[in-house]
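Reading through the structure tokens given below for one structure.
The values are calculated or read from the model by the stated rules, or taken from the named source; none is laboratory data. Since the structure is predicted, the reported quantities are computational estimates derived from the model, not experimental observations. Please note: Cβ atoms are built from the backbone with ideal geometry, for glycine as well, and neighbour counts cover all protein chains shown.
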Amino acid sequence: MSVPLPSPEELRAARDGFVDDIVAPGLSVLFCGINPSLMSAVTGHHFARPGNRFWPVLRLSGFTPRQLAPAEQHRLLSYGLGITNVVARATARADELDPAELREGGRLLRARTARLRPRWLAVVGVTAYRTAFAEPRARIGRQERTLGATGIWVLPNPSGLNAHWTARSMAEEYGRLRTIAHEEPGREEPGRGAP
């Protein structure tokens, strides 16, 4: 069953709109997009833009047993997964965000991560991560930096505009995170051992 696409007027009205986070404390992986698309703001579903490969890549990488539709996003919680964004406001393209907005989003994301304490924060987009976390040399993959007990992994942006990565090559990178997230034991914060 296909969902009708929003009209141009609905998309224009969605500019600067928001999409609720799909989060809970103690997730295995908290995926973090750059910011919602206009389609996501209209539908209320993350990664809802046609051509976005997030949902197929989650399936191909083994994070989900089948491909979920954006409207099924709440099912992620049952797999220990969640979704948030660096910047909450919707735009037509991520390059409409200025560096100051990304840096402030990074500050808010660090606070959100400290409160929710996921095992992994997976930022989907290396350019946004570099700006939001002041890590200009960051590359795709596991980062040395952590947020307390939360590890950070930077993943390729699943946008259809990211032509450097195929769905298959993205799934391989997402799969590396999935393997670590399922195999690596929980980490203790420095100075806090088990009782």
Open item on the list: Can you find, within segment 148-176, the residue that is modelled with the lowest pLDDT among those that are under 13 Å from the mean Cα position of the chain (by Cα) and farther than 21 Å from P136 by Cα?
Closed with: S159
Task: Unmet criterion (only one of (1) surrounded by 24 or more Cβ atoms within 10 Å (Cβ to Cβ); (2) assigned to a helix (DSSP H, G or I)) for C32 - done: (2)
Open item on the list: Could you tell me how many of the residues in segment 75-92 are more than 14 Å from the chain's Cα centre (by Cα), surrounded by fewer than 17 Cβ atoms within 10 Å (Cβ to Cβ) and at pLDDT 95 or above?
Closed with: 3
Open item on the list: Only one of R49, R66, R59 is at pLDDT 95 or above, closer than 23 Å to H164 by Cβ and surrounded by fewer than 23 Cβ atoms within 10 Å (Cβ to Cβ). Can you tell me which?
Closed with: R59
Open item on the list: So G141 ticks every box in (1) under 15 Å from the mean Cα position of the chain (by Cα); (2) at negative phi but one. Which box is left unticked?
Closed with: (2)
